[in-house]
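In what follows, a structure is listed as structure tokens, so that the remarks can point back to it.
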Amino acid sequence: MEQEPNQPAADLLRQLLEQGDWGLTEEDAGILTALGPTLGRYDGQTQAQALERQRKKLEQNMAWAREEQESQGRLWRTAGLCCGAALALLAV
């Protein structure tokens, strides 16, 4: 990653997120990008609080994605079972 001397942390973080394929949703990338203005500008406690807030948001998104994955998995298993049963009935 190319960087200029004294380039703000916010710009570096944004560039890093844009240049790499991190497998993030647009919302998750936005959550991480929102950290940029805080990192390197404030005291450690303020930065830690900002990191904690964003971590909680990312964990909520991860929990939602897991629930969605489980739901979709059940849907596709049921659809496969129904299609298999329909094919079995047609073959008889």
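The values are calculated or read from the model by the stated rules, or taken from the named source; none is laboratory data. This one's a predicted model, so the numbers in the text were calculated from it and none came from an experiment. Cβ: placed from backbone, ideal geometry, glycine included. Neighbour counts: every protein chain shown. Quick note on the areas: whole protein, heavy atoms, side chains included, nothing else; ligands and nucleic acids left out. Shrake-Rupley method; radii C 1.70, N 1.55, O 1.52, S 1.80 Å.
Data table
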read-out: Wholly enclosed helices (runs of 4 or more DSSP H) of the chain bearing at least 3 residues more than 14 Å from the chain's Cα centre (by Cα) and basic (Lys, Arg); value: 44-91
read-out: Only listed residue being in contact (Cβ under 8 Å) with a residue 24 or more places away in the chain and open to solvent by 50 Å² or more (accessible area, probe 1.4 Å), chosen from Arg53, Arg66, Arg41, Arg14; value: Arg41
